[in-house]
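Read the structure below first, then the notes.
The values are calculated or read from the model by the stated rules, or taken from the named source; none is laboratory data. No experiment lies behind these values; they were computed from the predicted model shown. A quick note on method: Cβ atoms are made from the backbone with ideal geometry, for glycine too, and the neighbour counts reach across all protein chains shown. To get the accessible areas, we keep the full protein, side chains included, count just its heavy atoms, and leave off ligands, DNA and RNA. Shrake-Rupley method; radii C 1.70, N 1.55, O 1.52, S 1.80 Å.
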Amino acid sequence: MKKTACRFRLLFLVPGMVLLLWCRVADAGEGSVLDRINEANEPFDNSSIQSALPLPVKTVLARELYQGGTFRVLARKDSISRFRCSVCHTEARVTVRDGVLFTHGNVVLNHGRERDSLSCSDCHNEKERDFLVGKKGVKVDFDHSYQLCGKCHFRQKSDWLGGAHGKRVVYWAGERIINNCTTCHNPHSPRFKKRMPATYSLPLDE
Amino acid sequence: MSIRQHKEGQMKKTDAPEVRSSRRDFLKGASIAAAAGSAALVTGCLPGGDASSSEELKLKWQEYFKKHYRLMTREEKDETVTRLVKLARIRYDLDIQMSNRPAREQVLYGYAFNITRCEGFMECVRACVMENNQDRPSKTQYIRIFEMEPGKLDPSTGDGKFFHEVPVDNKFYMGVQCFQCENPPCVKACPTKATWQEPDGIVVVDYDWCIGCRYCMAACPYWGRRFNWGTPEIPVEEINVRQHYLGNRIRPKGKVEKCTFCIQRTREGRLPACAEACPTGARVFGNLLDPDSEIRYVLKHKKVFRMKENLGTDPKFWYFID
């Protein structure tokens, strides 16, 4: 009698254990989302999202590539209040009276550390005023200032090209349009200013 | 004998659903009749019951007897959206645009947060509140930014309620929100299946199916969910009219809500409001299944980690450093 009861119990125990083991195995086999991500190697068809409409901002085709091919950056020239520079910077003489207007007294230069902080001519082209200039005399367009910034900030530039620095404009889908360096940073004093936060949060344990 | 038994068994099997469905039909019919009756009763009792209130009542009743969102057909989803738009018209005198766009193919949303870049300006929090129609008096926020001591990576050691000039030297800032786990414990905890994971990876709530038990809030190890103790109060001029059924539509009282990666925006190809508002570019959002996307670049080239990864929740939200 006792023996049959024991067998009866075993009858439940064995399938139970098998079930438990199977559950464990199934749980372990359930891969992380990383497996799914690593398996996905087919580029996404960005044109499939029709709601990513063209933006009402001026952009230029970047002169570099990222992992997905070509991309666009926000144009800069239109937001420079006194572009083109060569309108004023001519051979003509400037009277002292006009000096206040012409000396760019509003520009606060705070770029680079104390000992090797930059001066105007480190970036601005003295010969062709409508362009920037690199250390080796390479002419750089104002709309493609990332070419110049990246000369020193090469690490930030490679992050920016890939997408780990900077940001896209409005859409994650569609053609890649990203902020130019100067969209976020003031080139004359690139560090963000300290300020009050936009809002605040209540304590956690209310 | 055995064959007969078998046959009987079969017959019973085929009969059973019919019986059940007829009972269900009966109940459904009865409830609708009751609804219509009581609606008529109420409108009859109202002195000169005006047209809009009876219309509202009718819509409310139809809303009350709708199905679970996932069991609805395309038409039924459209119908409920139309009803909700009409109800918003009556209640707030607003023309809202509500979408019920399903998940897109070959898309899995992911997020990355740069703890080196975030400077605690809280622009993301403000943008999120404006975008998602959160309750203003209770200051409901889906995102919380912690001011952290260097070397610490657990937000519970940080200050989550700072309000002073930022960034403070030698501190860093860490944002926390719903991580849209691939293995979400909140979904398992829900007794009414009112919360689930969409095919594009976003964990959503059907506010009309939520009973407000808050089991999901207890199950979430990241404090990712919020509860509506009252009907959300939002100044009418601040209501975001571009809504999604599973996203930022104005929640009823006593429901759980959460970050949905701004489903109403992201399914249209736009960035979430927090990512768009971020002034420092600390927030990276994109399609995890696209090898050319920014988020994939971050995962491949940066040092990334996820919060409480050992819990096995598999969040789709990574932190990274420059």
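Yes or no: B:Ser99 polar (S, T, N, Q) and more than 24 Å from the chain's Cα centre (by Cα)? Spelling it out, it is not the case that B:Ser99 is polar (S, T, N, Q) and more than 24 Å from the chain's Cα centre (by Cα). Considering segment A:37-54, and only residues there that are surrounded by 14 or more Cβ atoms within 10 Å (Cβ to Cβ) and more than 7 Å from chain B (Cβ to nearest Cβ), the residue that is modelled with the highest pLDDT turns out to be A:Asn38. Within segment B:276-288, the set of residues being more than 7 Å from every other protein chain (Cβ to nearest Cβ) and among the small types (Gly, Ala, Ser) comprises B:Ala277, B:Ala282. The set of residues from segment B:132-159 being hydrophobic (A, V, I, L, M, F, W, C) and in a loop (DSSP other than H, G, I, E, B) comprises B:Ile143, B:Leu153. Summed over segment B:290-322, residues that are in a strand (DSSP E or B) and over 23 Å from the mean Cα position of the chain (by Cα) total 5.
Listed by position, the strands (runs of 3 or more DSSP E) enclosed by segment B:218-289 that each have at least 3 residues that are within 18 Å of B:Pro102 (Cα to Cα) are B:242-244. Can you work out which of the residues in segment A:104-138 that are under 15 Å from A:His153 (Cα atoms) and in contact with a helix residue (DSSP H, G or I) (Cβ under 8 Å, 6 or more places away or on another chain) is modelled with the highest pLDDT? Applying the filter and picking the extreme gives A:Cys123. For A:Lys136, the conditions (1) away from chain B (no Cβ under 12 Å); (2) surrounded by 15 or more Cβ atoms within 10 Å (Cβ to Cβ) are fulfilled apart from (2).
Scan segment B:111-126 and give yes if some residue there is more than 30 Å from A:Asp35 (Cα to Cα), part of a strand (DSSP E or B) and either within 16 Å of the chain's Cα centre (by Cα) or touching a residue at least 12 places away in the same chain (Cβ under 8 Å) (or both), otherwise no. Before the answer, list the steps.
The initial filter retains those residues of segment B:111-126 that are more than 30 Å from A:Asp35 (Cα to Cα), namely B:119-126.
Cutting the leftovers down to part of a strand (DSSP E or B) gives us none.
No, every residue in segment B:111-126 fails to be more than 30 Å from A:Asp35 (Cα to Cα), part of a strand (DSSP E or B) and either within 16 Å of the chain's Cα centre (by Cα) or touching a residue at least 12 places away in the same chain (Cβ under 8 Å) (or both).
Given the condition within 27 Å of A:Pro54 (Cβ to Cβ), aliphatic (A, V, I, L, M), touching a residue at least 60 places away in the same chain (Cβ under 8 Å) and buried (at least 16 other Cβ atoms within 10 Å of the Cβ), answer yes or no: does some residue in segment A:75-83 qualify? Yes: segment A:75-83 contains one or more residues that are within 27 Å of A:Pro54 (Cβ to Cβ), aliphatic (A, V, I, L, M), touching a residue at least 60 places away in the same chain (Cβ under 8 Å) and buried (at least 16 other Cβ atoms within 10 Å of the Cβ). Residues in segment B:116-144 that are among the aromatic types (Phe, Trp, Tyr) and within 8 Å of another protein chain (Cβ to nearest Cβ): 1 in all.
The residues on offer are B:Lys67, B:Lys86, and the sole one that is free of Cβ contacts under 8 Å to residues at least 60 places away in the same chain, open to solvent by 70 Å² or more (accessible area, probe 1.4 Å), outside any helix (DSSP H, G or I) and away from every other protein chain (no Cβ under 12 Å) is B:Lys67. The selection criterion, being surrounded by 14 or more Cβ atoms within 10 Å (Cβ to Cβ), part of a loop (DSSP other than H, G, I, E, B) and away from chain B (no Cβ under 11 Å), does not hold for A:Pro197. Can you tell me which residue in segment B:289-322 is nearest to the other protein chains (Cβ to nearest Cβ), limited to those that are in contact (Cβ under 8 Å) with a residue 60 or more places away in the chain and of a type in the set (Phe, Trp, Tyr)? So the residue we want is B:Phe320. Mind checking which residues of segment A:43-98 are among the β-branched types (Val, Ile, Thr) and assigned to a loop (DSSP other than H, G, I, E, B)? Across segment A:43-98, the qualifying residues are A:Ile49, A:Val57, A:Thr70, A:Ile80, A:Thr90, A:Val94, A:Thr95. In this entry, A:Asp141 passes the filter for residues that are free of Cβ contacts under 8 Å to residues at least 40 places away in the same chain, surrounded by 15 or more Cβ atoms within 10 Å (Cβ to Cβ) and under 21 Å from A:Ala75 (Cα atoms).
Looking at this structure, is B:Tyr142 more than 20 Å from B:Ile263 (Cβ to Cβ), of a type in the set (Ser, Thr, Tyr), assigned by TED's automatic domain parsing to the domain that holds B:Leu299 and surrounded by 21 or more Cβ atoms within 10 Å (Cβ to Cβ)? Against the criterion (more than 20 Å from B:Ile263 (Cβ to Cβ), of a type in the set (Ser, Thr, Tyr), assigned by TED's automatic domain parsing to the domain that holds B:Leu299 and surrounded by 21 or more Cβ atoms within 10 Å (Cβ to Cβ)), B:Tyr142 does not qualify. For segment B:166-217, which positions are of a type in the set (S, T, N, Q), within 13 Å of the chain's Cα centre (by Cα) and within 14 Å of chain A (Cβ to nearest Cβ)? Correct list: B:Gln177, B:Gln180, B:Gln197.
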